[in-house]
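Remarks on the structure that follows.
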């Protein structure tokens with residue numbers, strides 16, 4: 001802890017304040033000011049320039065009735081559920097690495113898990129966009145090669161998906177409204193999150209050898225071991241990752257913007273709240289309205305962050 | 001690495017399935033990377049004829065890299081300028097700030113600390129809209145300065161938070177000894193704090209650099225002139241305008257990754273550690 005100082009000492013050390021002034025100024029101008037400005041401008045019709053017109057709560061009442069905005073939350077709900085399942089590979093990977101006996105392999109697998117981070121996330125997204133390409137994409141050529149395509153065509157006919165998958169016609173993953181959300185879920189397969197794996201591994205570290213030995217004596221199967229020994233011990237980490245994932249999914253829109261464009265793809269099926277805010281501000285020039293939309297998102301994320309801080313981080 | 005040896009199975013035969021499963025997942029995870037590399041050396045006809053396997057070395061189309069280089073290297077250069085100055089500036093100011101909080105509890109420092117902590121809680125989601133207007137009034141639109149300043153200010157809260165805890169752990173005697181020798185606070189920062197916090201500074205630097213390198217939404221709304229594009233905007237621009245020669249595009253993707261690959265090779269350990277601590281950032 002830093003030492004409390006007497007008045008004299010503080011007067012003598014007054015120059016120390018110069019150390020904090022630059023950070024303070026930056027934070028005040030580029031973090032506090034934009035937030036306050038967003039609150040202020042949400043009451044205006046504003047195009048981002050000097051002209052603005054006070055319209056009271058009109059932006060908020062419009063936001064409450066905005067079908068696109070609230071529809072986008074449905075997309076978020078679907079993505080959150082999907083992302084829950086997408087955590088499984090990371091947990092499995094962490095458990096697999098942890099169960100290895102060789103410390104050296106454990107280290108090198110950690111490095112390999114982190115390796116994909118050397119490709120900028122933007123590039124990974126663009127490569128997936130290319131995988132989804134109807135004519136040249138790897139996904140379609142994989143489905144043709146393995147015969148999975150005919151399976152999908154049969155399923156389409158059987159369940160009445162309405163001709164999403166057709167024989168002889170390349171599937172337009174990002175061009176077909178019904179496939180937009182599946183594409184948003186599939187991308188990044190097998191969904192290994194480097195940060196997730198490392199955090200789960202940190203949680204597993206607390207399991208001692210004797211626990212495993214006792215389990216071995218009882219003839220416990222590997223899956224039971226996971227269920228009764230490993231999973232309960234990483235519950236804290238899992239909860240942390242779930243909340244972080246929810247916050248990330250709720251505020252992220254770069255993925256949707258890059259894969260689908262500012263309108264959320266065909267039929268706007270991939271529209272998420274953040275993208276709608278971005279769209280209103282920078283493509284429609286409705287900055288005041290975008291501020292109001294941003295404040296709704298702000299409130300939701302704030303609640304999630306508080307839950308995270310109150311119930312999850314404390315236990316760590 | 002605090003990995004301790006665990007004896008899970010008794011026979012080494014039990015280890016093999018685990019290795020196999022790990023390699024299977026890793027192989028799928030690295031598939032995009034593999035595709036990028038092998039397609040970057042093909043032209044379109046070769047790629048259509050042979051999607052999955054790399055072509056023979058004598059058929060490699062090195063010209064892809066030549067074309068891609070011409071297009072993308074200016075963007076990479078801009079990104080390096082932004083990410084390096086952003087990271088250095090951010091850590092320099094954060095070190096000063098953290099030193100202020102860690103060394104003495106000065107009057108008002110509790111309040112100031114609260115101001116910083118509050119920002120860890122407040123979501124910045126709506127800021128992009130008003131930041132744009134702010135940068136417009138400051139005449140910083142369409143400049144790299146805007147991105148550098150945003151990178152510096154964006155990292156302050158997290159870096160100060162981490163560094164403060166770290167500096168407080170440094171034995172007080174070291175500071176007192178330096179003070180006896182007449183060292184100013186700045187000299188103490190240079191000669192006591194920095195030598196002792198190499199790894200943590202490195203870890204934070206990697207996180208800041210990665211964040212800045214991967215950013216594309218802010219550059220997209222700030223930059224207009226193609227000469228100023230960072231790779232984020234540059235790649236979006238290529239994706240939209242370029243006649244699709246996939247080999248050249250993949251080569252461009254690879255070149256955009258080179259700086260990160262170089263950093264990774266030299267700082268593997270810090271990389272691994274940085275990402276574990278990265279989640280705290282929320």
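Dividing the Cα radius of gyration by the Kirkwood radius, what Rg/Rh value follows for chain A?
1.06
Mean residue ellipticity at 222 nm from the helices of the protein assembly as shown, using -39,500 (n - 2.57) per DSSP H segment of n ≥ 4 over the full residue count, to the nearest 500 deg cm²/dmol?
-21000 deg cm²/dmol
Over chain A, what is the mean sequence separation of C-alpha contacts under 8 Å (at least six apart), divided by residue count, expressed as relative contact order in percent?
Once normalised by length, the contact order is 27 percent.
Determine the relative contact order of chain B: mean sequence separation of Cα pairs under 8 Å and six or more apart, normalised by residue count, in whole percent.
It rounds to 32 percent for chain B.
Stokes-Einstein at 10 °C, 1.306 mPa s, Kirkwood radius from Cα pairs: D for the range B:1-157 in µm² s⁻¹?
For these conditions, the coefficient is 73 µm²/s.
Test of understanding: extend the Cα→C-beta vector of residue B:177 to 7 Å, then name every residue of the range B:194-234 with backbone N under 16 Å from that spot.
Within reach of a label on residue B:177, which here means backbone N under 16 Å from a point 7 Å along Cα→Cβ, the range B:194-234 contributes B:194-197.
State the three equivalent ellipsoid semi-axes of the range B:73-171, derived from the C-alpha gyration tensor as the square roots of 5 times its eigenvalues, in descending order and whole Å.
29, 18, 10
Which whole-angstrom value gives the distance between the alpha carbon centres of the range A:30-57 and the range A:241-293?
Cα centroid of the range A:30-57 versus Cα centroid of the range A:241-293: 19 Å apart.
Based on other C-beta atoms within 10 Å, arrange B:185, A:228, A:41 from fewest to most.
Ordered by Cβ neighbours within 10 Å, fewest first: A:228, B:185, A:41.
What is the Cα convex hull volume of the range B:62-281 when expressed per residue in Å³?
Spelled out: Cα convex hull of the range B:62-281, divided by residues, is 152 Å³.
Among B:246, A:46, A:161, which comes first, then next, by fewest other beta-carbon atoms within 10 Å?
A:161, B:246, A:46
Find the centroid of the Cα atoms in the range B:235-274 and in the range B:44-86, then give the distance between the two in whole Å.
The two parts, judged by their Cα centres, are 9 Å apart.
At q = 0.24 Å⁻¹, what is the log10 ratio I(q)/I(0) for the range A:62-138, with the Debye formula run over Cα points and no solvent?
Those come out to -1.08, one per q.
Calculate the radius of gyration of the Cα atoms of the range A:106-185 to one decimal place, then report Dmax, the largest Cα-Cα distance, as a whole number, both in Å.
Cα only, the range A:106-185: 16.0, 49 Å (Rg, Dmax).
Between A:213, A:230, A:286, where does the largest GNM mean-square fluctuation fall for chain A, given springs only between Cα atoms within less than 10 Å?
Of A:213, A:230, A:286, the most mobile in the Gaussian network model is A:213.
Taking each residue of B:91-102 in turn, how many C-beta atoms of other protein chains fall within 10 Å of its C-beta, and what is the average?
4
For the protein assembly as shown, just list the percent of Cα-Cα distances falling in each 20 Å bin from zero outward, please.
Binned Cα distances yield the sequence 17, 50, 29, 3, 0.
As a footprinting exposure proxy, order B:109, A:37 by other Cβ within 10 Å, with the fewest listed first.
Neighbour counts put them in this order, fewest first: A:37, B:109.
Taken together, the values in this text are just the output of simple stated rules run on the coordinates, not laboratory data. What you are looking at is a predicted structure, and each value in this text was computed from that prediction instead of being measured. Cβ sites come from the backbone with ideal geometry, for glycine too, and all protein chains shown count toward neighbours.
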